[in-house]
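Down below is the structure, laid out as structure tokens.
The values are calculated or read from the model by the stated rules, or taken from the named source; none is laboratory data. What you are looking at is a predicted structure, and each value in this text was computed from that prediction instead of being measured. Every residue, glycine as well, gets a Cβ built from its backbone with ideal geometry; the counts of neighbours run over all protein chains shown. Note: areas computed on protein heavy atoms with side chains; ligands, DNA, RNA excluded. Shrake-Rupley method; radii C 1.70, N 1.55, O 1.52, S 1.80 Å.
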Amino acid sequence: MAEKEIGSPGSSMHGVTGKEQSFAFSVAGDETIPTDPTAKFTLPVDSEHKAKVFKILSFSKPHMRTFHLSWVAFFTCFVSTFAAAPLIPVIRDNLNLTKSDIGNAGIASVSGSIFSRLAMGAACDLLGPRYACTFLIMITAPTVFCMSFVSSAAGYVAVRFMIGFSLATFVSCQFWMSTMFNGKIIGMVNGTAAGWGNMGGGATQLLMPLLYEVIRKTGATPFTAWRIAFFIPGWMHVIMGILVLVLGQDLPDGNLAALQNKGHVAKDKFSKVLWYAVTNYRTWIFVLLYGMSLGVELTTDNVIAEYFYDRFNLNLHTAGTIAATFGMANIVSRPAGGLMSDMAARRWGMRGRLWNLWILQTLGGVFCFCLGRATTLPLSITSMILFSIGAQAACGATFGIIPFISRRSLGVISGFTGAGGNFGSGLTQLLFFTSSRYSTAMGLSLMGIMICACTLPVAVVHFPQWGSMFLAPSEKWSEEYYYGKEWNKEETDRGLHQGSLKFAENSRSERGRRVVAVAEPPDSTLAGV
């Protein structure tokens, strides 16, 4: 079907022509991406009704409204999970915490979401991201309020563990974006949504010390002020949970349950979804890779304020402000990583995305090593900023690739990858920051070496229809064949594979500038998939 010009009948609604001035990232004019000009959406969409335009200042329903709901919900959970980190100098005196207690609490804060992210992936696949996100953010709200009442080291560790479950909203965020936006801009969209959400780790470094100081100046004692401050992130959870439930929408055409009841979307089996996730070797490589990008970022969020406070004898506010720049860099660095992934794919296809990821993550490891070796405050700050840019951009680049690993098991693979990030954080904190064996500076240097070494496996990620870093694609594979292999003959006879075929059609852009037609093997027809 020919694509209509933006502004022509059928490409817009409610008087919105698509020509309005806005900050936008678009592939609407790309003739390689099929368009459905009859669809009644504000933004131009492809054959799956995924938006081909990313207008960052728009709130159009459902695509851009979903974008803003998902990143703000994730932002809220990041604020609450790391709210204790900038207040540790006060909390440790109040609760008599040892270095081991602080380290264990840091591990606990990211370990809880290892399990919740695994569950969240399946919940998104089977129930939809709207219910999954709402349930998690609401059920963890009471645990945030509980931080105000802890009285011992054990209670502190336990509450941080439970609050950390909320970080699984990352999975619903990335899953949601992948169902709403076309694959050719998904790196940029996923990077922006997750980056702005991760920015909560930096914002809380500013917010919590500010709340603490304001409350203390009203007459509260220091040991009371930090407790009262935790009511703010608690109420943020409640408000966002209500907004996501009321305003959210699972898919471009409606909510998952309603579409399943109408027969427009097939109900899948969890056993099948899980099987195709765990048997795809790419899943496990990206679990490792994400552990060395998001994982080290979470670790750094937990230790960086205390590191500057102790190493350079700074006051709490100054140390928190410097530490905040690490997390706040997400506002540009993670989206930039996703954008670079999309740009590389336009020229070199999936091979460009893989090279982009390896370069960014390796550079992050190099600057992490430099941060640990720096001996002056200016050099430490410079190294920290460059480290944050590399690690966070690598996160964005990672989720420029994840949506293409599997169409059927996207939620589960997103959950596994997200859990890998938390596992990597727990592992690096356990290895380098929980005992007196290493100083924090030495721990950062060793973590940098680990990042570089664990990024090497990206070289073995191979998509037969697109190739890998060093190997060309096979002419015997097509996109339809790759994604169709996830469905057996009985399922294809029932038409359950139609969504995968539409996705395959829209993912041909991952060939890059390769214009030679990809031949389908004899058994890649609809009857033989």
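Among residues that are closer than 19 Å to Ser80 by Cα, β-branched (Val, Ile, Thr), at pLDDT 85 or above and open to solvent by 70 Å² or more (accessible area, probe 1.4 Å), Ile304 is not included.
Per-residue answers, yes or no, for (1) of a type outside the set (A, V, I, L, M); (2) at pLDDT below 90; (3) within 23 Å of Val238 (Cβ to Cβ):
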residue: Thr140; (1), (2), (3): yes, no, yes
residue: Ala153; (1), (2), (3): no, no, no
residue: Trp176; (1), (2), (3): yes, no, yes
residue: Lys184; (1), (2), (3): yes, yes, no
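Take the residues in segment 96-147 that are over 14 Å from Met240 (Cα atoms) and of a type in the set (Lys, Arg); name whichever of them is least open to solvent (accessible area, probe 1.4 Å). The qualifying residue least open to solvent (accessible area, probe 1.4 Å) is Arg117. Here Thr325, Thr362 are screened, and the one residue that is within 21 Å of the chain's Cα centre (by Cα), modelled with pLDDT under 90, surrounded by fewer than 22 Cβ atoms within 10 Å (Cβ to Cβ) and in a helix (DSSP H, G or I) is Thr325.
When residues in segment 411-446 are screened for being assigned to a helix (DSSP H, G or I), open to solvent by 20 Å² or more (accessible area, probe 1.4 Å), of a type outside the set (Val, Ile, Thr) and modelled with pLDDT under 90, 1 of them pass.
List the residue pairs whose Cβ atoms are under 6 Å apart, where the first residue sits in segment 388-406 and is within 9 Å of Gly191 (Cβ to Cβ) and open to solvent by less than 10 Å² (accessible area, probe 1.4 Å), the second is assigned to a loop (DSSP other than H, G, I, E, B) and hydroxyl-bearing (Ser, Thr, Tyr), and the two are 6 or more positions apart or on different chains. Listed by first residue and then by second, the contacts come to Cys395/Ser293.
Scanning segment 261-282 for residues being surrounded by 15 or more Cβ atoms within 10 Å (Cβ to Cβ) and assigned to a helix (DSSP H, G or I) gives a total of 7.
Within segment 491-510, the set of residues being assigned to a helix (DSSP H, G or I), small (Gly, Ala, Ser) and open to solvent by 10 Å² or more (accessible area, probe 1.4 Å) comprises Gly499, Ser509. Out of the residues in segment 167-190 that are over 22 Å from Leu118 (Cα atoms) and open to solvent by 10 Å² or more (accessible area, probe 1.4 Å), state the one that is nearest to the chain's Cα centre (by Cα). Only one residue fits best here, namely Met188.
Number of residues in segment 284-318 that are among the hydrophobic types (A, V, I, L, M, F, W, C) and farther than 21 Å from Tyr438 by Cα: the value is 9. Apart from one condition, Ala84 fits all of (1) open to solvent by less than 10 Å² (accessible area, probe 1.4 Å); (2) small (Gly, Ala, Ser); (3) under 30 Å from Pro252 (Cβ atoms); the exception is (3).
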